[in-house]
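The structure appears below as structure tokens.
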Amino acid sequence: MRTEAELAGRLALVTGAARGIGEAVVAALAGRGARVLATDADAGALAATAARAGDRVTARPLDVTDAGAVERLVAEAEETLGPVDIAVNVAGILRTGAVLELDDADWAAVFAVNTHGVLHVSRAVARRMTARGRGSIVTVASNAAGVPRSGMAAYAASKAAAVMFTKCLGLEVAAHGVRCNTVSPGSTDTAMQRALWEAAPGGAERGRRAVVEGDPAAYRTGIPLGRIAEPADVAEAVAFLVSDRARHITLHDLYVDGGATLRA
């Protein structure tokens, strides 16, 4: 059973923390007693999120595509805040488009954040976690990593790479007491998702409804549970995986999509 203090005494680093799932993860971990180092490339939005989150949260701007900046931030955190016990990779961007029309710059940008950023953060914290013999890393991926999506090749491929990277890392560090897992959400009510709905034919409400009902023309099933996820639904899965309740779980990919992929 969850307690409000189950993560007390632990320091969690969360990327992409300014909004959406990242903000919900910050709230979930802080609500369980963790101190949270919240990071995001959007310094203004991050400051607002940290102000809402309370005194357990420290905000630091961070571009996860910059390996040097990531290493410097982790080193500073360990010196000033203490050992990083938990890392959650949430930072991500979306560029849509059919493969035959996909811009090289969009492909590179998506991988720079969604895949390279996961490498930079995970590598920096894992080096220190393995030396201490403990730690937990969770990467927030997507159910698009496991099921093809029209117009989302760059995003899906970047998330699939992030999932397999996290599993490989988990295999390498397991003997040192470090666990690595992924959480793969389906459609979640975030600014990124709403932008997709607004761009859909018929407008946002029709786009939202199509996600729940499915779209045979796009070879896409609906959501059996009949609802769009809230960011907190994903955050709860993350909080479980970083807790001692999941102490014997590693290399796992937890789908949080209301059954949308039929776990294909």
In a shell of Cβ-Cβ distance under 11 Å around Arg263, excluding Arg263 itself, what net charge do Lys and Arg (+1) and Asp and Glu (-1) give? -2
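Using a 10 Å cut-off around each Cβ, can you sort Met192, Met129 from fewest to most neighbouring Cβ atoms?
Values: Met192 15, Met129 25.
So the ranking, lowest neighbour count to highest, is Met192, Met129.
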Top of Leu119, Leu251, Leu81 by mean-square fluctuation, Gaussian network on the chain, Cα under 10 Å: Leu81
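For the chain, what is the percent of antiparallel DSSP beta bridges, rounded to the nearest 5? Walk me through the numbers before you get to the answer.
Numbers: 1 of 30 bridges.
DSSP beta bridges in the chain are roughly 5 percent antiparallel.
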Select from Leu100, Ala69, Gly170 the residue farthest towards the positive end of the dipole of the chain; place +1 on Cβ of Lys and Arg, -1 on Cβ of Asp and Glu, and compute about the Cα centre. Gly170
If I stretch the segment between Leu251 and Asp55 completely, what's the gain in nm (0.36 nm per residue apart, minus their alpha carbon distance), one decimal? 67.3 nm
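State which helices in the chain qualify, where a helix is a whole DSSP H run, it must extend 27 Å or more along its own axis by its Cα atoms, and its mean Kyte-Doolittle hydropathy must be at least -1.0. Display every interim value, and only then the final one.
Values: long enough: 153-173 (30 Å, 1.01).
The qualifying helices are 153-173.
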Between Ala38, Ala18, Ala98, find the one with the highest GNM mean-square fluctuation for the chain; connect C-alpha pairs within less than 10 Å. Ala98
Interchain or long-range residues, amide H under 5 Å from Val256's placed H: Ser184, Gly186
Search the structure for amide H atoms under 5 Å from the amide H of Thr58, placed 1.01 Å from N in the peptide plane, and list their residues when 5 or more places away or on another chain. Val36, Leu37, Ala38
Search the structure for amide H atoms under 5 Å from the amide H of Arg179, placed 1.01 Å from N in the peptide plane, and list their residues when 5 or more places away or on another chain. Gly135, Ser136, Ile137
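Net charge near Ala24: determine it from the other residues with C-beta under 11 Å of the C-beta of Ala24, scoring Lys and Arg +1 and Asp and Glu -1.
Once all neighbours under 11 Å are counted, the net charge is -4.
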If I compute Rg and Dmax of the Cα atoms in Å from the structure I just sent, which labelled value in (1) 23.2, 88; (2) 17.7, 54; (3) 17.3, 49 lines up? (2)
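Could you compute the net charge surrounding Ala12? Neighbours are other residues with a C-beta less than 11 Å from the C-beta of Ala12; K and R count +1, D and E count -1.
Values: positive: Arg10, Arg32, Arg35, Arg56; negative: Asp85.
Spelling it out: positives minus negatives among the neighbours equals +3.
Would you calculate, for the chain, the mean residue ellipticity at 222 nm contributed by helices, counting each DSSP H stretch of 4 or more residues as -39,500 (n - 2.57) and dividing by all residues, to the nearest 500? Show your work: numbers first, answer last.
Working: 9 runs with 112 residues, N = 264.
Rounded to the nearest 500, the figure is -13500 deg cm²/dmol.
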Enumerate the calculated ³J(HN,Hα) couplings along region 136-149 in order (Karplus 6.51 cos²θ - 1.76 cosθ + 1.60, θ = phi - 60°), each rounded to whole Hz, writing x wherever the residue is Gly or Pro. 9, 10, 10, 10, 8, 9, 6, 5, 5, 5, x, 9, x, 10
Fluctuation leader among Ala156, Ala41, Ala87 - the chain, Gaussian network, Cα springs under 10 angstrom: Ala41
In what order do Lys167, Lys159 fall by count of nearby beta-carbon atoms within 10 Å, going from fewest to most? Lys167, Lys159
Signed unit charges on C-beta, dipole axis of the chain, positive-most listed residue Asn89, Met152, Gly31: Gly31
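Determine the shape class of region 16-93: with a ≥ b ≥ c the square roots of the Cα gyration tensor eigenvalues, call it rounded for a/c under 1.5, and otherwise prolate if a/b is greater than b/c, oblate otherwise. Write out the running numbers ahead of the final one.
Details: a/c = 1.59, a/b = 1.11, b/c = 1.43.
In terms of gyration-tensor shape, oblate.
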Given unit charges at Cβ for Lys, Arg (+) and Asp, Glu (-), the dipole magnitude of the chain about its Cα centre in debye, nearest 20, is 700 debye
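Where a number appears in this text, it was derived from the coordinates with a stated rule and is not lab data. These figures come from a predicted structure and were not determined experimentally. Glycine gets a Cβ as well: all are built from the backbone with ideal geometry, and neighbour counts include every protein chain shown.
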